[in-house]
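What follows is a set of notes on a single structure, which appears directly below.
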Amino acid sequence: MIVKMSKIAMLGLEDQREALITSLMDIGAVEISSVDAGELDEPVENPDVQQQLSYVENRISDVHAALDILNKYCPEKKPLFSSRRELTSREFTDLLQDEGKIWDAVKAVNGCENEMIRIRTEENRAENLKSSLIPWKEYPFPLEVKGTCKTAVVPGTIPSAMDMDRLFYELEDKVPFSELKVISSDKDQHYVCVLVHKDSEQECLSYLKMRGFAGATFPALTGTVGEIIGKLDIKLMELAAEKESVADRVKSLADSRKDIEVLYDSLIMEQEKLLASSRIIATRKAFLINGWIPAELASKAKESIESKFTVSVEITEPEKDEEPPVLLRNKGIAEAGEPVSKMYSLPNSREIDPNLIMTIFFVNFFGIMFGDGGYGIIMALFAGYVLRKFKLEDETRKFIKLIFWCGISTIFWGAMFGGWFGIESLSKYALWLNPVEQTELFLSYSLLFGVIHMYVGFGIKAANLIREKQYLDALFDVGGVLIFYTGIILVLLPYVPEVDGDAVAPLVRIGQYVAVAGAVLLLATQGRNSKNLFGKIFGGLPSLYNAVSFLSDVLSYSRLVALGLATGIIAAILNELSATFSFPIIVKIIVSAVILLIGHVINFAINALGAYVHSSRLQYLEFFGKFYTGGGQPFRPLKPNTKYITLKHDADA
């Protein structure tokens, strides 16, 4: 159901503002609405918290960086389903008394990362230099040597496409007092050294440049290439040892992780309070807070706040044109469907919460499409174990609960269809029908389920209209449509698979009259709100055309047949395939077990996903499309939105 909301306004003294906001966070049931001071004529303003907010955000960034570093170098092993750590308010406060010590740990961790960045930079520089020197490893001269008083030594590169034999011949002919020596080669270029008499240096280099020669320089490097590479190897080893030492220092700080997490959450809470402060209005001596609170908590919260602070609290009902935030409170199977509906949209605050009805259809359609009781047992046992064994976060718990109900539904429909791990010999024990042998009957019932599903959607639309006291709209916009659609369905009954046309002939005749009556009713009423005569007369024509869309929606439910057949048929094929090999008995058992295990796991995963997606689609388009307004804004009370811990009041503990 949707929790009823009340408006709350608090007028108090400015010097108590921060304490009141802290108290509201402890209550955790008040959403503070934004009030723009510029919209008011009074000399008021929104508190300027930008500087404080920037300071807190910078500190959050530092702590977050420290936690990321700890997770990088010493990741914490967590169970598959983990929940936040629980702390009482007193434990939380006691931990933050050593905040200075925690900040020292944060700075130490971040300092280690800065050192690691420096080391990696030096490593990259050394690796790049080493890589550039490898081709010159056989260069015979120290790199600082440029020649003698009579000769010049010039290292460089020549493109690998050059014909080196021809180049040697031409160089010897054109510059007799020179020698070209190839140091090494790769796919792109030759690494060469030119020895030339200084009198012929320019002539030699000019000729070589015409052949693609590019001189190489080694600034600030002395000694032979081999010596330099040896020094670089030593430096890289030293950097690796230094990096390992820094990593060990980070690991030694891992014991501070829990305290740093508490510090992070305390800063997040401080940020939330500052953001809340920016949404109120204040003068030099007073402040005003507007917001929303669940109606059932309003009087108790008013008493608590007025007993602690010099503040006036006013509780009022929302105006007709106001949209309160939406808080859902469901139990049982209705709660399990909330993750599905929230993926689409929260309901509008003034409409009926559809989660109970939607979830019943969702899990049944899932069960029909998954359709194998054996798979359903696995799903239900897994979800039941997780729900019983682990303490889950609220949204995770709801989703696992949905999986549990989907498993129960799959067991039920598996029994109806005789589907148990695709074992064909068990299909004869189907309690209702065999989808493979009675496919047309299965299709007929699937279309019937679709009609029921959409009619329920129309019923909810009528209930929403009646709730808003729009009785004529409920009668004409829903009642007239249902009469018309029912007539169309009765007329089309002979064309439905496995339906005896002669037996339903009386219903067809009745359907003709019902369809005509519905059409007349729609033509007479759908243009009632139009201001001109043409609209009043012809406003009902689009409603008649909507019958095509309705029939198209009905056909969408044929997906129940397609997916319901797929799971069982694939499982049966896997079972048959595993028994076709003519191997020795031991080998055959092993091969069959592998095929069955891998095949059924893949079949389970693919068809469970398909059933979830297509069941969701039927809710979002065919069901919600008939009545759902949606667009509700979630209720976001001021409370500790922590990431790592859950705060409990000492009394609760």
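The values are calculated or read from the model by the stated rules, or taken from the named source; none is laboratory data. Remember, predicted model here, so these are calculated numbers, not experimental data. Neighbour counts run over all protein chains shown; Cβ positions are idealised from the backbone, glycine included. Protein only, heavy atoms only, side chains kept; ligands, DNA and RNA dropped before computing areas. Shrake-Rupley method; radii C 1.70, N 1.55, O 1.52, S 1.80 Å.
What percent do you get for the relative contact order of the chain when only Cα pairs under 8 Å and 6+ apart count?
That works out to 23 percent.
Can I get the semi-axes of the range 69-116's equivalent ellipsoid? Compute them from the C-alpha gyration tensor as square roots of 5 times the eigenvalues, in angstrom, largest first.
Those come to 24, 21, 5 Å.
Tabulate in residue order the Karplus-calculated ³J(HN,Hα) for the range 475-482, using 6.51 cos²θ - 1.76 cosθ + 1.60 with θ = phi - 60°, rounded to whole Hz; enter x for Gly and Pro.
5, 7, 7, 10, x, x, 5, 5
For a quick check: with amide H placed at 1.01 Å from N, whose amide H comes under 5 Å from T151's, ignoring anything fewer than 5 positions away on the same chain?
K198
Each residue of the range 577-582 in order: what ³J(HN,Hα) in whole Hz does its phi give by Karplus 6.51 cos²θ - 1.76 cosθ + 1.60, θ = phi - 60°, with x for Gly and Pro?
Values, residue by residue: 4, 5, 9, 8, 7, 9 Hz.
Work out, in µm²/s and without decimals, the Stokes-Einstein translational diffusion coefficient of the range 456-512 at 37 °C, 0.692 mPa s, Rh from Kirkwood over C-alpha pairs.
Value of D from the Cα-based Kirkwood radius: 260 µm²/s.
Counting alpha carbon pairs within less than 8 Å and at least 6 residues apart, what relative contact order, in whole percent, applies to the range 66-183?
Working: 21 pairs, mean separation 27.8, N = 118.
Relative contact order comes out at 24 percent.
Taking the Cβ of D98 as the centre, find all other residues whose Cβ is under 10 Å away and add up their charges (Lys, Arg: +1; Asp, Glu: -1).
-3
Please list, in chain and number order, the residues 5+ apart from T88 or on another chain whose amide H is under 5 Å from its amide H, with Hs placed from the backbone.
For T88, whose amide H was placed from the backbone, the distant partners under 5 Å are K648.
Rg (Å, one decimal) plus Dmax (Å, integer) for the alpha carbons of the range 300-382?
20.3, 64
How tilted is helix 50-73 with respect to the longest principal axis of the chain? Cα atoms for both, answer in degrees (0 to 90, nearest 10).
Roughly 70 degrees, rounded to the nearest 10.
Return a whole-number percent for the relative contact order of the range 279-344, with Cα pairs under 8 Å and 6 or more residues apart as the contact set. Write down the numbers at each step before the final one.
Details: 21 pairs, mean separation 11.1, N = 66.
Relative CO of the range 279-344 lands at 17 percent.
With Cβ to Cβ distances under 13 Å as the rule, what net charge do the other residues near D259 carry (K, R +1; D, E -1)? Walk me through the numbers on the way to the answer.
Details: positive: R85, K101, R257, K258; negative: E91, D94, D98, E99, D104, D255, E261, D265.
Net of charged neighbours comes to -4.
Can you compute the modelled spin-label distance between V182 and D321, with each label point 7 Å from Cα toward Cβ, in nm?
Distance between label points: 8.8 nm.
Work out from phi, with θ = phi - 60° and the Karplus expression 6.51 cos²θ - 1.76 cosθ + 1.60, the ³J(HN,Hα) of each residue of the range 95-100, listed in order in whole Hz, and give x for Gly and Pro.
Rounded to whole hertz, the list is 5, 6, 5, 9, 4, x.
What is the set of long-range amide H partners of Q189 at a cut-off below 5 Å, with H atoms built 1.01 Å from backbone N?
S160
Ranked by accessible surface with a 1.4 Å probe, highest first, in what order do K72, K243, K285 come?
The ranking, largest first, comes out as K285, K72, K243.
Show me the ranking of peptides 347-358, 75-86 by mean Cβ neighbours inside 10 Å, starting with the highest.
With the highest mean Cβ count within 10 Å placed first, the list reads 347-358, 75-86.
Tally Lys and Arg at +1 and Asp and Glu at -1 over the other residues with C-beta under 13 Å from the C-beta of V56: what net charge comes out?
In short, -3.
Give the ranking of F92, F404 by solvent-accessible surface, highest area first, calculated with a 1.4 Å probe.
F404, F92
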